[in-house]
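The values are calculated or read from the model by the stated rules, or taken from the named source; none is laboratory data. Just so it is clear, the structure is predicted and the values come from calculations on it, not from any experiment. Here the Cβ is made from the backbone with ideal geometry for all residues, glycine too, and neighbour counts use every protein chain on show.
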Amino acid sequence: MGSNSVEDMIEASSGVHFSGFHMDGLESKNIEKPTTSPGAENVHKQPFIIGVAGGAASGKTTVCDMIIQQLHDQRVVLVNQDSFYHNLTEEELARVHEYNFDHPDAFDTEKLLDSIENLRHDRAVDIPNYDFKSYKSNAFPARRVNPSDVIILEGILIFHDPRVRELMNMKIFVDTDADVRLARRIRRDTVDKGRDIGAVLDQYSKFVKPAFDDFILPTKKYADIIIPRGGDNHVAIDLIVQHIRTKLGQHDLCKIYPNLYVIQSTFQIRGMHTLIRDSQTTKHDFVFYSDRLIRLVVEHGLGHLPFTEKQVITPTGSVYTGVDFCKRLCGVSVIRSGESMENALRACCKGIKIGKILIHREGDNGQQLIYEKLPQDISERHVLLLDPILGTGNSAVQAISLLIKKGVPESNIIFLNLISAPQGVHVVCKSFPRVKIVTSEIEIGLNEDFRVVPGMGEFGDRYFGTDDDDNLQAVAPMQLSNQS
């Protein structure tokens, strides 16, 4: 099928006045080649990594201990940045009081990164046991740390290196008043370590406070959660633990990508998946149960739209405080499988406008041409992008790139599909970290032909009752929707 016939087909099928054109020079992001090993993403379970930063004596250790205590039914390990101080040279030891332990260069970040990477890949590591009397990391036997469900990284400068930050699923900054931190430091160093108060104050003014202002405080902007008052803030700790428990119950990819949402599985959902995946299921049953699953995905996706508070008067004369639906909304289906999701969207959103995108692979050179029929004011709307299968992610990236080029903010796009391959999730989430993906199930992966496994076959053919030879006949009659 030539490119002209495709363009003519869409033009002929449209009775609306959206601007339509084809693009053969669309600027697209680099697409990662998907892995061919079906089980590549399920080799091991990724741990949930939490970073806890803040000034010295801010209460970081207390916060970590409270989190560990409340997560008593999970395997949790604490890794302190203090364990990765560099060994001091003889020259540095001779002038140890002039050494700045609060500077980023004081830490062996490469060794820290290597340890965390090993833990992430299910390998036990030996964490140094740094001796603050000899200032050596080999004075005591190392601490053996085994892979765990949760890894907590704690330290004053744990957010400083971007490579370490990228490993974290949650970043917490313990924000405690400077006077409180100083008072705690004086008490700790004079009582616990027997140091002279004058030496403590001299070190604070010479190293601790400047390092906090120059290196520690600026990393506060990277925090996902800021806890005032540290361990005294029990409400914040409880909310954090609740969030961690939720994440631990999610698919591993949801811990890596906060913009990925998998609807909670039930026996009903599993039963419907079983039916639509069965190769012996009739077309009528396949359509019926696919529509039910699609409706659930659409409803979940709509829950991620912004809302405003609204008060109404009930028939009893009472005031009910609720919310008002997002008004500036439209759907965009990726032809042709995406059109199977349109009815569910119309059933949930009365009078919604639905545009179309066709991604057509031309010839054997892999070049993709994109044809579209979209609302002229799409840049002012939230967009629900519809495609039941996320496989390699290539088509999804092309479609999202087109929407962004049309002026749609990345954060205004919600991508809805029934099943997603991990490879496609990686590609889309890395390319567009602010696009939300809502799906009902994560697959094992892709086979050597880049088909989703276990999958459900060619979704469009099963849903519309066609085979590959009938694709054109199935697509051509479909109209672009321009409902008011």
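Would you mind finding the one in Gly322, Gly317 that is on the phi > 0 side of the Ramachandran plot, outside any helix (DSSP H, G or I) and either in contact with a His (Cβ under 9 Å, 6 or more places away or on another chain) or surrounded by fewer than 14 Cβ atoms within 10 Å (Cβ to Cβ) (or both)? Walk me through it before giving the result.
Details: Gly322 fails: on the phi > 0 side of the Ramachandran plot.
Result of the check over Gly322, Gly317: Gly317.
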Close pairs from segment 131-146: first free of Cβ contacts under 8 Å to residues at least 12 places away in the same chain and under 18 Å from Ser115 (Cα atoms), partner of a type in the set (Gly, Ala, Ser) and exposed (fewer than 13 other Cβ atoms within 10 Å of the Cβ), Cβ under 9 Å, at least 6 apart: none
Show me the strands (runs of 3 or more DSSP E) found entirely inside segment 141-227 where at least 2 residues are buried (at least 18 other Cβ atoms within 10 Å of the Cβ). 150-154, 170-175
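For (1) more than 18 Å from Pro162 (Cβ to Cβ); (2) aliphatic (A, V, I, L, M); (3) surrounded by 12 or more Cβ atoms within 10 Å (Cβ to Cβ), each residue gets a yes or a no:
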{"residue": "Asp82", "(1), (2), (3)": "yes, no, yes"}
{"residue": "Tyr85", "(1), (2), (3)": "yes, no, yes"}
{"residue": "Thr89", "(1), (2), (3)": "yes, no, no"}
{"residue": "Glu92", "(1), (2), (3)": "yes, no, yes"}
{"residue": "Tyr99", "(1), (2), (3)": "yes, no, yes"}
{"residue": "Pro104", "(1), (2), (3)": "no, no, yes"}
{"residue": "Lys111", "(1), (2), (3)": "no, no, yes"}
{"residue": "Arg120", "(1), (2), (3)": "no, no, yes"}
{"residue": "Ala124", "(1), (2), (3)": "yes, yes, no"}
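Tell me whether segment 420-437 contains one or more residues that are of a type in the set (Val, Ile, Thr) and free of Cβ contacts under 8 Å to residues at least 40 places away in the same chain. If you could, list the steps in order and put the result at the bottom.
Of all residues in segment 420-437, those of a type in the set (Val, Ile, Thr) come to 425, 427-428, 435, 437.
Pick out the ones that are also free of Cβ contacts under 8 Å to residues at least 40 places away in the same chain and you get 428.
Scanning segment 420-437, I find at least one residue that is of a type in the set (Val, Ile, Thr) and free of Cβ contacts under 8 Å to residues at least 40 places away in the same chain, so the answer is yes.
Of the residues that sit in segment 251-280 and are part of a helix (DSSP H, G or I), aliphatic (A, V, I, L, M) and touching a strand residue (DSSP E or B) at 6+ places or on another chain (Cβ under 9 Å), which one is farthest from Asp291 (Cα to Cα)?
Leu253
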Inspect segment 234-251 for any residue being aliphatic (A, V, I, L, M), at pLDDT 90 or above and not assigned by TED's automatic domain parsing to the domain that holds Glu166 and give the result as yes or no. no
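In segment 392-413, how many residues are more than 14 Å from Val334 (Cβ to Cβ) and crowded, with 21+ Cβ neighbours inside 10 Å? I'd like the intermediate steps shown before the answer.
Quick first cut of segment 392-413, residues more than 14 Å from Val334 (Cβ to Cβ) only: 404-412.
So of that shortlist, the ones also crowded, with 21+ Cβ neighbours inside 10 Å come out as 408, 412.
So the answer is 2.
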